[in-house]
């Protein structure tokens, strides 16, 4: 393992991961992202992740929804390709999967998660995907047999559930918590919260100093998962995609706070600012 003290993520560091797009570009060069989730009453979570993936540069985004009354089109972003969750796993050939946003914990959700994990595709796991893994020790064996990258995005409550501990224990020693999660899950981990901690594939820890209390609102985690998926889809290694997304996500929140929008900050607004900041970083 690397030294205990986490390295601070900087804009200079993550900017080096970015390159201008060639003139002869097409959507196939920037990855297909498939988002799986959206049980009844939680469709918005999957849509937020999918919108973030598209606006942060993915070439193509499929949304697979579990809800039986799911919309067939996203009227705010009709570029998203909507389908039934089970069909989306079969018809799309994704470069990266994002699963868990509004997934729920039904039997169908369990089956979808298993089907996703056995695919040889980089996968971002959030929300109910984490809660299902916490209940299913057998899935941890699948995780350790995976060759493709796995990125886990727990908040302290989900981390506690995965570790069989309490939120207080996680928050008392966040470094120990993320190290234990990394070993248990066999992948990249971001332990979200003030000063989010990231663990990369070589065991190095990073700490993110961007972000503010205004980001304590619904949908922020869904947007982060979509951003990570977008960057993996565009060809970044999981380590770099994670660090870039976590830094940029917080920086977008800080940009909103500078506009006197700390109270009532929304995940939708944050996505727009993240896109603007990403383009500024590439141009510089």
> Among 52, 109, which is part of a helix (DSSP H, G or I), surrounded by 24 or more Cβ atoms within 10 Å (Cβ to Cβ) and either at pLDDT 95 or above or out of contact with any strand residue (DSSP E or B) (no Cβ under 9 Å at 6 or more places or on another chain) (or both)?
Replying inline: 52
>> Given the criteria modelled with pLDDT of 95 or more, over 30 Å from residue 29 (Cα atoms), touching a strand residue (DSSP E or B) at 6+ places or on another chain (Cβ under 8 Å) and not in a loop (DSSP other than H, G, I, E, B), does residue 228 qualify?
In response: no
>> Which numbered condition in (1) more than 23 Å from residue 242 (Cβ to Cβ); (2) touching a residue at least 24 places away in the same chain (Cβ under 8 Å); (3) surrounded by fewer than 17 Cβ atoms within 10 Å (Cβ to Cβ) is the only one that residue 43 fails?
In response: (3)
>> Any residue that is free of Cβ contacts under 8 Å to residues at least 40 places away in the same chain and over 17 Å from residue 124 (Cα atoms) - is there at least one of those in the stretch 207-225?
In response: yes
> Which members of the stretch 163-177 meet the condition of being surrounded by 23 or more Cβ atoms within 10 Å (Cβ to Cβ) and under 20 Å from the mean Cα position of the chain (by Cα)?
Replying inline: 177
>> Test of understanding: among 54, 66, 48, which residue is in contact (Cβ under 8 Å) with a residue 40 or more places away in the chain and within 19 Å of residue 218 (Cα to Cα)?
In response: 48
> Identify, please: which residue in the stretch 140-155 is in a loop (DSSP other than H, G, I, E, B) and more than 17 Å from the chain's Cα centre (by Cα) and is, among those, surrounded by the fewest Cβ atoms within 10 Å (Cβ to Cβ)?
Replying inline: 147
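The values are calculated or read from the model by the stated rules, or taken from the named source; none is laboratory data. As the structure is a prediction and not an experimental result, all values here were calculated from the model. Please note: Cβ atoms are built from the backbone with ideal geometry, for glycine as well, and neighbour counts cover all protein chains shown.
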